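Remarks on the structure that follows.
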Amino acid sequence: MPETELTDLLRREADEHPLDRGSSERILRDALAAGARRRRGRRLAVGACAAAAATAVAGSGLALGDRDGGTTARDPAASTGTGPVETVGPGPADPEPTYAEGSATEVPGGPVVATDRRIADERVLAAVARDLLPPDGVVADLRVEQTATSIVSHRADRTREGRLVSFTLDGAGASVTLQRWDGYAAVGVASLPGPGEEEPERKAATTAREACAGAYRSFPPIECTPTDGGWYSQMRPSQGAAMPDTYQELLVALYTDDGYVVVVDSYNTSAEKSGELVADQPVLDPQQSLAIAGSPRWFVTGQGRR
């Protein structure tokens, strides 16, 4: 039924059987949204036909024999005499949960990943950093500061449960940042819309692998590698067109299975995009950065934040 006819029908029904204004508007809004979802489904129908046919064959429990006399799978009842066996295929996929979109004053919603850990106290973090850094390096200007709880910022979120541990190592700048990847930071979109296309459906990351790949905010997804307790990415971010090519940065981000993200960032200059060039490469190599990010000593177990 076209949306215009549906609208007229609902209005006539409302005249004959009055509802309060809020109920009638809600019914109309939900009906129009369902129509939009059906239009998206029709666009996907052609591509889905072949997959549906293959699924039907596989779900039937039948195996086709080859032309050289290969056997086919038989109904188990033929050999057991227990009667027909009903094969039940997978049910429909659960709908994507809906989360509050947020506003200038309200923090958006998102999936919450359970954990039994919390970030250690600031004095502990400082000691852990010194212990994990190369023993032959010179550590200076080490400080621990509060930072945003979430790896993705939102103007309504003023919580600062994250921690930033910054320092110089042999004169080069580096830092370790501990934050959360769940909540609104985990909500993105299923795909990028093309010109003139409807806004894509929102999609949320609920695993460390999805979060590391960009939490449906990065297209194409970020390449990640599995490791103990999560997934990590390794990048060499550009220092900008105004910076010399000799200015280098290495960023290793570990997304843990319990919702934390530990980012180890290092340079070959005394500060980000500035300062004196002190080495050919960033002061921490990829193996050192991952070992630092993966240390359990950044956290206190048994005192989860959620």
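Read-outs: derived from the displayed coordinates by stated rules, not from any lab. Computed from a predicted structure; not experimentally measured. Heads up, the Cβs are rebuilt from the backbone with ideal geometry, glycines too, and the neighbour counts pull from every protein chain shown.
Centre-to-centre separation between the Cα atoms of the range 126-195 and those of the range 263-283: 16 Å.
A cut-off of 5 Å between modelled amide H atoms, ignoring neighbours fewer than 5 places along the same chain, links THR227 with TYR232. Less than 5 angstrom separates the built amide H of PHE299 from those of ALA120, all sequence-distant by 5 or more or on a different chain. Less than 5 angstrom separates the built amide H of THR147 from those of GLY162, ARG163, LEU164, all sequence-distant by 5 or more or on a different chain.
Other residues whose C-beta falls under 13 angstrom from the C-beta of ALA213 contribute a net charge of +1, scoring Lys and Arg +1 and Asp and Glu -1.
For the range 286-301, backbone phi angles converted through the Karplus equation (6.51, -1.76, 1.60; θ = phi - 60°) give residue-by-residue couplings of x, 5, 4, 4, 5, 5, 5, 5, x, 5, x, 6, 6, 10, 10, 8 Hz, Gly and Pro being listed as x. From the square roots a ≥ b ≥ c of the eigenvalues of the alpha-carbon gyration tensor of the range 230-276, which class results: rounded (a/c under 1.5), prolate (a/b over b/c), or oblate? Prolate shape, in that a/c is at least 1.5 and a/b is the bigger ratio.
Taking the Cβ of SER175 as the centre, find all other residues whose Cβ is under 12 Å away and add up their charges (Lys, Arg: +1; Asp, Glu: -1). Neighbour charge sum, excluding SER175 itself: -3. Summing +1 for each Lys or Arg and -1 for each Asp or Glu among the other residues whose beta-carbon sits under 12 angstrom from that of TYR255 gives -2.
In order along the range 125-140, phi translates into HN-Hα couplings of 4, 4, 5, 4, 4, 4, 5, 7, 6, x, x, 8, x, 9, 9, 9 Hz, rounded to whole numbers, per the Karplus curve 6.51 cos²θ - 1.76 cosθ + 1.60 with θ = phi - 60° and x for Gly and Pro.
The equivalent ellipsoid that matches the C-alpha gyration tensor of the range 209-306 spans semi-axes of 27, 17, 11 angstrom, in descending order. Residues in the range 215-224 carry Karplus couplings, in order, of 6, 6, 10, 10, 10, x, x, 6, 6, 10 Hz; the curve used is 6.51 cos²θ - 1.76 cosθ + 1.60 with θ = phi - 60°, and Gly or Pro positions show x.
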